[in-house]
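Heads up, the thing below is written out as structure tokens.
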Amino acid sequence: MIAPGSTIGIIGGGQLGRMLAIAAAQLGYRCHIYDPQENPPAADVAAEATHAAYDDADAMCRFADAVDVATYEFENLPAGALSALGDKLRPGTRSLAVAQDRAAEKEFLEQCRARVSPWRAVETLADVESAVAELRVPLVLKTRRFGYDGKGQAWIRGEDEAAAAWDAIGQQPAVAEAGVAFSAEFSVILARWADGRNALWESPENAHRDGILRRSTVPCSQQVALQVPRARETAIAIANALDHVGVLTVEFFAAAGGPMVNEIAPRVHNSGHWTIEGAVTSQFEQHIRAICDLPPGLTGLIRGSATMDNLIGDEVDRWPELLAERGAHVHLYGKGEARPGRKMGHVTRVVR
């Protein structure tokens, strides 16, 4: 058990790191942020910060010596550099390595007997054209690495669009996935302890626009609820196969024949932000509890339902009216420029 008063290292200084640090402080921990930027949002609420490149081996070793346990807020990190943290890193580099490469992720999911869309790895335009011939259209190209919020993706809806889509993703190694007919998207968010215990929240139903999550709602609709038990079994199997410690999120399509995995995130997740006000224990506190081997917190809904809306780009300028709205829980991330597509905050509404 990592006792309160210890120092938790958080690799990545974005909004997820910020909310992790806030949850850790409530439990009596100090947080040390590692991020290349000079003023990352998480550093505003942490005791200490290291500003260095993620692949700076010397800086990472010093960081490892300064913390009692470490975690990460996003997966696009050099797994080799993080090996300096040894068993202090929770979750470990196995979860990181699988989640940061879409082809490795697909292979892993199939090994876990999870349902995934038919797919092929592609490295050349000829590979893309072969995938189109085999999988048929529509299909989507997704870069193997560094894709998020719809970035690094291009749809092929006609057989003559292969070259344009390949150019659109920068001709990078990718996966080609057959399009999926689905009625809704939803998440299974769970926390797992080193001894195999786990805790799960209500599954939020998620609405996306332009590849970015816009709204998460709990409880989910009846059509999704029918698929949640099987999806939970799949998510638990994935977490166990990774020997994951901490929060893990599995995104699903509610498809004909049962839930189909879209992707996994080995961390706290945007679709779980509603848990801060909507659940007895938030995903952020539960992650701290799991990596520090504290007892699990309860995960039930505090009230009847909750809705979380992201504030994207200049939507954050609505903060005066949102703060004036009774019952609205406003979270502003302390970022600088409100660029289009950038997550600047969120607002949660919990109702009976």
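Details
- Matching entry among 217, 249, 281, 234 (being polar (S, T, N, Q), part of a loop (DSSP other than H, G, I, E, B) and modelled with pLDDT of 95 or more): 281
- Residue within segment 303-319 that is modelled with pLDDT under 95 and of a type outside the set (Phe, Trp, Tyr) present: yes
- Entry remark, segment 10-35: residues being closer than 17 Å to residue 84 by Cα and either assigned to a loop (DSSP other than H, G, I, E, B) or under 20 Å from the mean Cα position of the chain (by Cα) (or both) number 6 in total.
- Residue match in segment 219-235 (condition: crowded, with 20+ Cβ neighbours inside 10 Å, under 16 Å from the mean Cα position of the chain (by Cα), within 21 Å of residue 100 (Cβ to Cβ) and touching a residue at least 60 places away in the same chain (Cβ under 8 Å)): no
This table checks each residue for (1) among the charged types (D, E, K, R); (2) under 28 Å from the mean Cα position of the chain (by Cα).
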position	(1), (2)
122	no, yes
129	yes, no
148	no, yes
163	no, no
167	yes, yes
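- First in segment 333-352 and surrounded by 17 or more Cβ atoms within 10 Å (Cβ to Cβ), second anywhere and basic (Lys, Arg), Cβ under 6 Å, 6 or more apart: 344/335; 350/303
- Here the helices (runs of 4 or more DSSP H) wholly within segment 37-144 that include at least 1 residues being touching a residue at least 60 places away in the same chain (Cβ under 8 Å) and of a type in the set (Asp, Glu) are 102-111.
- Members of segment 252-278 found to be polar (S, T, N, Q) and either in a strand (DSSP E or B) or crowded, with 24+ Cβ neighbours inside 10 Å (or both), listed by number: 262, 271, 275
- Scan segment 284-306 for residues that are of a type in the set (Asp, Glu) and part of a helix (DSSP H, G or I) and the total you get is 1.
The values are calculated or read from the model by the stated rules, or taken from the named source; none is laboratory data. Note that this is a predicted model, so its numbers are computed, not measured. Backbone-built Cβ (ideal geometry, glycine too); neighbour counts: all protein chains shown.
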